[in-house]
Amino acid sequence: MKIDSGVFAVIFGPPGCGKSVLLRLLTGLETPTEGKIFMREEDVTGVPSGERSIGYVPQSFALYPHFKVYENISYPLRLIGAKKAEIDEAVKRAAHMLRITPLLEKYPDQLSGGEKQRVALARGITKKTGIYVFDDPLSGLDFKLREQLIDDLKEMQEALGATFIYTTSDTLEAMILAEQIFILDGGRILEHGSLEDMYYTPGNIRTMELLGFPEANVLNGELLQRDGSLICKTKLFDFPVKPEAGMIVKEEHREVFVGIRPQDMKPGLKRQKDTLSAEARIILKEDLGGEFIVHLDINGLRLLSFVRQDDLYLLSDEEITIGIPMEEIVIFSSEDGTRIGRGGG
Amino acid sequence: MPNIHTENLRKEYREVTAVRDVTITFPTSTVTCLLGPSGCGKTTLLRMIAGLEKPTSGEIYFDNVPATSLEPEKRNIGMVFQYPVVYRGLNVYRNIDLPLAQAKLSEGERKKRIEEVVGVLDLEDSLEKNIGDLDSSTRQKVAVARAIARKPQIILFDEPLTNVDVNTKVQLKEALKKLTIQLKQTIVYVTHDQTEAMTLADQIALMNQGEIVQQDTPRALYNHPSDVFGGWFLGNPGMNFIEVHVEDGKKPAKVKCAIFPKDIQLPDTHGENRVTLGVRPENVRILKAKSETAVRAQVIRKSIQVGGQYLLLLKIGDVVLKSKVPPKLGYGVRKEVWIEVLVSQVVVFGKNGRRIETKLEK
């Protein structure tokens, strides 16, 4: 894998996918069994952790209770024997960025949870360097606190112009932070790219499943030739298929996965040439405030739809008609999960 | 079914005041969610209603009958906790049956009630299983079944979904929604999760720092928060807040704000010379073309959010706003766009953070 300099890169995957180990390899806290790591175009595989010149925020960052906030933040710099004036400047800069300047003379037990987290983030960025590494620093925090810290992290990265490498298993957190995203699953990088590319043209069914909230709907399908054109047959509907450019759909691709994002299951969408429609029963409307996740029963299958508050009126009946624009449907091989086509003739 | 009323209910623990003189009515046959951040006092309030905590001062009434000093077991309350309370040695059927047997119900009635709750909670296949063999999510379902089968007049839930897995969460929300419509009991449901509260509640009592900030239906609370706290706490992300100066001496007072192309009128300022305008991110709309009601904004950050919506960070003069726009409207970073905010969707807050009862006008 290669991470570009100056970007906010997120390594994203479910718990246990290997992202923490990957990060610890980068920082030098783990030794690779095989392979090499380059930073700033130099081989650092054998370079000890302390000499790699990266800022690191671990997942659980205990602050030293007997140190004041100032001393906690300056600790990594004191450790490498930095000059007093240099330390002072770095601490003040970090504290200003995270809006904790008034807290510098306090002790950790006088701080709220969010303030402690900010102090820990500040400690992570005091080292002046071009690469900062964050190991899932917001996990376990309540979501309002995360909302604020996410803004702080984005601002920090933009202000520093540095490379941020950040791991998380939280979909929304990954999507809101990432410029470049690496999808990790079962110890392997499935694919990587810009957030929009990964979201709108996932190369693998796992990417579509993992990267998206609410979760994408996945149906089983079967490809077949009908009157000379390629058709996908599912339990709910049949529709024409446009194979990927250069993709020859072979016999072994007969079994497929059909992925549909919840926002493409549109209540009230009129039947048109390029839409599929289905009769659905509403089981539950989850109210997010500005929008709703709608749990549907369509022909015995449980599927999700998604509407914004403005369209709430479309959900007033229990039985509704769902329209699906065909071109939004993505088709993946059931063998290796790769994308092989989309809906639409 | 009785309503629950508290009068100046207060709970102090040494230096901390958990609940500050709360006066609130939980209406009969209604699901009221007590929503708030951790430490806001919601669980303490619930436990006082249950009789599990003694108030420092104040009164509790069930249907106007004082209940403050009533023993917990005499309150006819069913309670579901964060961690399921079940009997490990017994199977699921016996667990649900035990409180019914204690209530000395007839064999036939007990059977009927168990069948009812087991059906809604989808526990048919687990009836013969031993509690010890179930995962914690199923155990929580059994705890819910136990609490409701007895048909107490009041049911209290204390964060019942906090420790269950994602799938069971949806299943339990679905079951609770069905049950509460069927049962018509007076239900108070404590949670810190706004989605859970908005989904299950007939009305939400929003709590902060030991006080009730607002009691309203989920839609009203979301769209018309009576306090900046509600605007901030609800929504993902919460409201945009813009502080503006009110030009005094004129009536109606005028407000200048970069998000509006013209001055906006404030008929009643309640004597405030600075007010805060609250705008939900989804109400900051991007127009395809220039319009009289729109202003120019620059996109400074962009990410994808729930349901494929774009969350944009916009800069208009010295105002920075978040905007949540429908999927697929690709707006590049650093691009200029036209944005529109409807005056009718702006909430005005005064210096103390409370909503000012006034309507902005063009």
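The values are calculated or read from the model by the stated rules, or taken from the named source; none is laboratory data. Remember, it's a predicted structure, so these values are computed and weren't measured experimentally. Here the Cβ positions follow ideal geometry from the backbone for every residue, glycine too, while neighbour counts run over all protein chains shown.
Could you please find all residues in the range B:42-83 being of a type outside the set (A, V, I, L, M, F, W, C), part of a loop (DSSP other than H, G, I, E, B) and farther than 20 Å from B:Pro27 by Cβ? Give the derivation first.
Step one: list which residues in the range B:42-83 are of a type outside the set (A, V, I, L, M, F, W, C), which gives B:42-44, B:47, B:51, B:53-59, B:61, B:63-64, B:66, B:68-69, B:71-76, B:78, B:82-83.
Next, from what is left, pick out any that are part of a loop (DSSP other than H, G, I, E, B): B:51, B:53-56, B:63-64, B:68-69, B:71, B:75-76, B:82-83.
If the condition is that a residue be of a type outside the set (A, V, I, L, M, F, W, C), part of a loop (DSSP other than H, G, I, E, B) and farther than 20 Å from B:Pro27 by Cβ, then B:Gly51, B:Glu53, B:Lys54, B:Pro55, B:Thr56, B:Ser69, B:Glu71, B:Gln82, B:Tyr83 are the ones that fit.
Listed here are the strands (runs of 3 or more DSSP E) enclosed by the range B:95-214 that have at least 2 residues being in contact with a Ser or Thr (Cβ under 6 Å, 6 or more places away or on another chain) and of a type in the set (Val, Ile, Thr): B:186-191. Figure legend. Inter-residue proximity from the range A:129-157: first residues within 11 Å of chain B (Cβ to nearest Cβ), second residues β-branched (Val, Ile, Thr) and surrounded by fewer than 18 Cβ atoms within 10 Å (Cβ to Cβ), beta-carbon distance below 9 Å, spacing 6+ or different chains. Indicated pairs: A:Gln157/A:Val7. Residues that are assigned to a helix (DSSP H, G or I) and in contact with a strand residue (DSSP E or B) (Cβ under 7 Å, 6 or more places away or on another chain) were ranked within the range A:117-127; the one that is surrounded by the most Cβ atoms within 10 Å (Cβ to Cβ) is A:Leu121. Restricting attention to the range A:1-22, the residues being in a helix (DSSP H, G or I) and surrounded by fewer than 17 Cβ atoms within 10 Å (Cβ to Cβ) number 1. Every listed requirement among (1) crowded, with 18+ Cβ neighbours inside 10 Å; (2) modelled with pLDDT of 95 or more is met by B:Gln298 save one, (1). Looking at A:Ile231 and the list (1) of a type in the set (Val, Ile, Thr); (2) closer than 30 Å to B:Lys178 by Cβ; (3) touching an Asp or Glu at 6+ places or on another chain (Cβ under 6 Å), which single condition is not satisfied? Checking A:Ile231 against (1) of a type in the set (Val, Ile, Thr); (2) closer than 30 Å to B:Lys178 by Cβ; (3) touching an Asp or Glu at 6+ places or on another chain (Cβ under 6 Å), the one that fails is (2).
For the range A:23-41, what are the residues that are small (Gly, Ala, Ser) and surrounded by 12 or more Cβ atoms within 10 Å (Cβ to Cβ)? Don't jump to the end; show me each part of the working.
Here is the first cut: in the range A:23-41, the ones small (Gly, Ala, Ser) are A:28, A:35.
Result: A:Gly28, single match.
Would you tally the residues in the range B:191-212 being surrounded by fewer than 23 Cβ atoms within 10 Å (Cβ to Cβ) and of a type in the set (A, V, I, L, M, F, W, C)? Adding up the residues that qualify gives 1.
Does the range B:241-254 contain at least one residue that is of a type outside the set (Val, Ile, Thr) and within 14 Å of chain A (Cβ to nearest Cβ)?
Within the range B:241-254, the subset of a type outside the set (Val, Ile, Thr) is B:241, B:243, B:245, B:247-254.
Of the ones still in play, those that are also within 14 Å of chain A (Cβ to nearest Cβ) are B:241.
Yes - at least one qualifying residue is present in the range B:241-254.
Can you find, within the range B:118-171, the residue that is farthest from B:Ile187 (Cα to Cα) among those that are among the acidic types (Asp, Glu) and within 14 Å of another protein chain (Cβ to nearest Cβ)? Don't jump to the end; show me each part of the working.
Taking the range B:118-171 as the starting set, the residues that turn out to be among the acidic types (Asp, Glu) are B:122, B:124-125, B:128, B:133, B:135, B:158-159, B:165.
After this cut, where a residue has to be within 14 Å of another protein chain (Cβ to nearest Cβ) as well, the list is B:122, B:159, B:165.
Values: B:Asp122: 21, B:Glu159: 13, B:Asp165: 23 Å.
Filtering first and then ranking leaves B:Asp165.
Could you say whether any residue in the range B:327-336 is more than 10 Å from chain A (Cβ to nearest Cβ) and buried (at least 22 other Cβ atoms within 10 Å of the Cβ)? For the range B:327-336, residues more than 10 Å from chain A (Cβ to nearest Cβ) and buried (at least 22 other Cβ atoms within 10 Å of the Cβ): absent. A count restricted to the range B:87-146 and to residues that are of a type outside the set (A, V, I, L, M) and closer than 19 Å to B:Gln182 by Cα stands at 11.
Applying the criterion of at least 2 residues that are closer than 22 Å to B:Asn236 by Cβ and more than 14 Å from chain B (Cβ to nearest Cβ) to the strands (runs of 3 or more DSSP E) found wholly in the range A:264-322 leaves an empty list. If you filter the range B:294-320 down to residues that are more than 13 Å from every other protein chain (Cβ to nearest Cβ) and in contact (Cβ under 8 Å) with a residue 60 or more places away in the chain, you find that the one that is farthest from A:Val307 (Cα to Cα) is B:Asp318. Mind listing whichever residues of the range B:210-240 are more than 11 Å from every other protein chain (Cβ to nearest Cβ) and touching a helix residue (DSSP H, G or I) at 6+ places or on another chain (Cβ under 7 Å)? Passing the criteria: B:Val213, B:Gln214, B:Asn240.
Filtering the range A:128-167 to residues that are over 22 Å from A:Ile100 (Cβ atoms) and buried (at least 22 other Cβ atoms within 10 Å of the Cβ) leaves A:Thr163, A:Ile165, A:Thr167.
Kindly indicate whether A:Leu219 is more than 13 Å from the chain's Cα centre (by Cα), within 30 Å of A:Glu173 (Cβ to Cβ) and away from chain B (no Cβ under 14 Å).
The answer is yes for A:Leu219.
Listed by first and then second residue, the pairs linking a residue in the range B:151-163 that is of a type in the set (Ser, Thr, Tyr) to a residue that is in a loop (DSSP other than H, G, I, E, B), with Cβ atoms under 6 Å apart and 6 or more places separating them unless they lie on different chains, are B:Thr162/B:Gln82. Residues that are among the basic types (Lys, Arg) and surrounded by fewer than 17 Cβ atoms within 10 Å (Cβ to Cβ) were ranked within the range A:243-284; the one that is farthest from A:Arg342 (Cα to Cα) is A:Arg281. Quick check on A:Met208: is it modelled with pLDDT of 95 or more and among the hydrophobic types (A, V, I, L, M, F, W, C)? The answer is yes for A:Met208.
Only one residue in A:Ile3, A:Ile100 is closer than 25 Å to A:Ile176 by Cα, of a type outside the set (D, E, K, R) and not assigned by TED's automatic domain parsing to the domain that holds A:Ile150, so which one is that? From the options A:Ile3, A:Ile100, the qualifying one is A:Ile3. State all residues of the range B:135-149 that are farther than 26 Å from B:Cys40 by Cα, buried (at least 19 other Cβ atoms within 10 Å of the Cβ) and either outside the structural domain of B:Thr186 (by TED's automatic domain parsing) or not polar (S, T, N, Q) (or both); if no residue qualifies, say none. Once the filter is applied, which keeps residues that are farther than 26 Å from B:Cys40 by Cα, buried (at least 19 other Cβ atoms within 10 Å of the Cβ) and either outside the structural domain of B:Thr186 (by TED's automatic domain parsing) or not polar (S, T, N, Q) (or both), the range B:135-149 yields B:Arg139, B:Lys141, B:Val142, B:Ala145, B:Arg146, B:Ile148, B:Ala149.
Among the residues of the range A:56-70, are any loosely packed, with under 14 Cβ neighbours inside 10 Å, in contact with a Pro (Cβ under 7 Å, 6 or more places away or on another chain), in contact (Cβ under 8 Å) with a residue 24 or more places away in the chain and assigned to a loop (DSSP other than H, G, I, E, B)? Break it down into steps so the answer makes sense when it comes.
Of the residues in the range A:56-70, the ones loosely packed, with under 14 Cβ neighbours inside 10 Å are A:60, A:62, A:64-66.
Within this subset, residues satisfying the condition of being in contact with a Pro (Cβ under 7 Å, 6 or more places away or on another chain) are A:65.
Adding the requirement that they be in contact (Cβ under 8 Å) with a residue 24 or more places away in the chain leaves A:65.
Within this subset, residues satisfying the condition of being assigned to a loop (DSSP other than H, G, I, E, B) are A:65.
Checking the range A:56-70: at least one residue is loosely packed, with under 14 Cβ neighbours inside 10 Å, in contact with a Pro (Cβ under 7 Å, 6 or more places away or on another chain), in contact (Cβ under 8 Å) with a residue 24 or more places away in the chain and assigned to a loop (DSSP other than H, G, I, E, B).
The set of residues in the range A:85-107 that are of a type in the set (Val, Ile, Thr), more than 10 Å from A:Thr126 (Cα to Cα) and in a helix (DSSP H, G or I) contains only A:Thr101.
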